[in-house]
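Below is one structure, written out as structure tokens; the observations come after it.
Only the coordinates and a few stated rules stand behind these numbers; no lab work does. Fair warning: this is a prediction, and the values are worked out from it, not measured in the lab. Glycine also receives a Cβ, built like all others from the backbone with ideal geometry; neighbour counts cover every protein chain displayed.
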């Protein structure tokens, strides 16, 4: 329900770097090659189903919110003919990676355990379930924070909420779990004690990085999760040869692709399926979004926004400009404050700026319109819709017209 988030929508639909928590986890599971996925839903059934129907997963409804063990029971019918192992994950631990989950799977298979837990050690374990071990180092139980004694709260090994189970033992034991007296719910974590009491083999994969174990329960947690995912992406790009002058102020989506020797200056926002070529300079304070492509050796400067556009090689758009739904050619120059006016109140229209064109300071191009090769648009000029500028022409004024007193008006449709 996301009570601590003070939210009107189900917690799993909150986004981390523009991807909902539930979709993020589903994508991670699919990346391992797992195809049979069941999501147990309860609160917020309809909006969750709407999101999940396009993700190729089954949904099982938990009719009453009676805890995590009861949620597993709700999914039982989907596994009647299933014979393999089951991985179980929580939506509010959405930062797990496919590499870590593969380690968990491998540990489970290699040890032939009935249950394998993913654990990690963190300096401040407050809020997490603690792993209890005996003197031999064997797992004997998991105790939730609210039920832990002061001594148990000092334990730093935590339960991440990721498990692998043998199917038969999971469903044979889940019905034995009793309702927690304090919470009035059935805790899945209690299954560890039941397994232990019947001498079934338990194992732990302790290879989970701390940032992947991070649980999201509040708006503050969402902010931390955003920083973790952003940092992962930026580190990946730096390993691939991209320079970030100030990684702490850059926002880069996970789908973004940037080639070698490009420099990202401070306070840059790059969102969506953006591709940036080699040896570019981006920012500071630039915003690039949508399915935008920037060619090699190009500059997108301070306070420039580019959306759903293609920018060619060796092109400069250096100051305070808006480029939307536009194709810009190679070796073009767009002056400070130039704007492509792409929206007419109903439709987003296309602007084409061809190779080596020069757009002057403060010019406005009202789409749809084409600026020809080596054409020049004077400073402060307004090129109106459908009044295309021919190759090699120079236009000035409001509305823009060819330079010279005897020049003919631009050809095109009049609306």
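Restricting to the chain, what percent of DSSP beta bridges are antiparallel, rounded to 5?
On the way: 20 of 77 bridges.
So the antiparallel bridges in the chain amount to around 25 percent.
I'd like to compare 178-185, 225-232, 327-334: which one has the highest average count of other Cβ atoms within 10 Å, and what's the full order after that? Please list the in-between numbers first.
Details: 178-185: 11.9, 225-232: 17.5, 327-334: 21.6.
Result, highest mean Cβ count within 10 Å first: 327-334, 225-232, 178-185.
Which order, highest average first, do 101-109, 31-39 follow once you tally other Cβ atoms within 10 Å for each residue and take the mean per peptide? Write out the running numbers ahead of the final one.
Values: 101-109: 18.3, 31-39: 14.3.
Averaged packing, sorted descending, gives the order 101-109, 31-39.
Out of the DSSP beta bridges found with both residues in region 251-367, what percent are antiparallel (nearest 5)?
For region 251-367, the DSSP antiparallel bridge percentage is about 5.
Between residue 291 and residue 249, 0.36 nm times their residue separation minus their Cα-Cα distance comes to what?
Values: separation 42, 0.36 × 42 = 15.12 nm, distance 2.23 nm.
So the chain would gain 12.9 nm between residue 291 and residue 249.
At 7 Å along the Cα-to-beta-carbon direction for both residue 201 and residue 78, put a label point, then send me their distance in nm to one decimal.
So the label points at residue 201 and residue 78 sit 2.8 nm apart.
Given (1) 24.3; (2) 21.9; (3) 33.6 as candidate values of mean projected area of the Cα convex hull in nm², which corresponds to the one derived from the coordinates?
(1)
Assuming 0.36 nm per residue, please report the length gained on full extension of the stretch residue 275 to residue 223 beyond their Cα-Cα distance.
Values: separation 52, 0.36 × 52 = 18.72 nm, distance 2.56 nm.
Additional length available on full extension: 16.2 nm.
Exposure proxy check: 1, 21, 9 ranked by fewest other beta carbons within 10 Å?
With the fewest neighbours first, 1, 21, 9 line up as 1, 9, 21.
Based on DSSP H runs of at least 4 residues, each adding -39500 (n - 2.57), what is the mean residue ellipticity at 222 nm of the chain after dividing by all its residues, to the nearest 500 deg cm²/dmol?
Values: 7 runs with 76 residues, N = 415.
After summing the helix terms and dividing by residue count, I get -5500 deg cm²/dmol.
Compute the long axis of helix 98-111 from its Cα atoms, compare it with the longest principal axis of the Cα atoms of the chain, and write down the angle in degrees, 0 to 90, nearest 10.
Tilt relative to the chain: about 20 degrees.
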